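Read the figures in this text as sums done on the coordinates, not as results from a lab. Remember, predicted model here, so these are calculated numbers, not experimental data. Don't worry about glycine lacking a Cβ; one is built from the backbone with ideal geometry, like all the others, and counts go over all protein chains shown.
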């Protein structure tokens, strides 16, 4: 916990420092551009751009790629960030999507002959996002089902049931990852199972979700949102100065 707090504070300090640096840099650049525009040093560029824009009939694409697309991408990035943080905060909720963090189910070990005999081809790879379903009744659990169970330490493991034993009317289950040559150390009970995997997954994008859960990811999101909001304001300020200069260059359009 102390380490997480240290990392969070460090990231906030870095964020503030980066934000101040780029804000000062942006202010200096904007100020210099305004001085150059008001002083007539950019008249040639302004004339060329004005002539080009006056001949341009279709303004849809500049609007699309200049304003609409960045806003949409920023919105999608915020949605992805909220989604990733929800997954992290509610990681104990088995019905939320899960990012696979190991390769224990990524391929078929040659020692697991049952995978080949029964053609079990529902492997999941590291950084896949998988969707778990509610556990069925214990009587409906079958051999070779893939289930998520919680260890004593509180970790969630997603492995395949390869054995079911029953003693004194109580069942215990042996699980193993498809890529592992050995079974999990402890047999588990039905009460430890939190969800069953039925093949619903999104491949590969889990690495991006994990990145958004890190302090570096938070910094990137905040900076992107900040500059997505700031840049249009700066652009409008410069455009107003250019419009004033256009009226001086072309007094006949007043």
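Per-structure values
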| item | result |
| --- | --- |
| (1) 0.93; (2) 0.99; (3) 1.59, with the label sought being that of the calculated Cα Rg over 2.2 N^0.38 Å | (3) |
| Selected from 240, 88, 126 as most flexible by GNM, with the chain as the system and alpha-carbon contacts under 10 Å | 240 |
| The chain - mean residue ellipticity at 222 nm from DSSP helices (-39,500 (n - 2.57) per run, n ≥ 4, rounded to 500) | -16000 deg cm²/dmol |
| Gyration tensor (alpha-carbon) shape descriptor, the range 83-152, a/c threshold 1.5 | oblate |
| Most mobile listed residue (17, 203, 179) in the chain, GNM with C-alpha springs under 10 Å | 17 |
| Among 108, 125, 137: highest mean-square fluctuation, GNM of the chain, C-alpha pairs under 10 Å | 137 |
| Virtual spin-label span in nm between residue 235 and residue 21, 7 Å along Cα→Cβ | 2.6 |
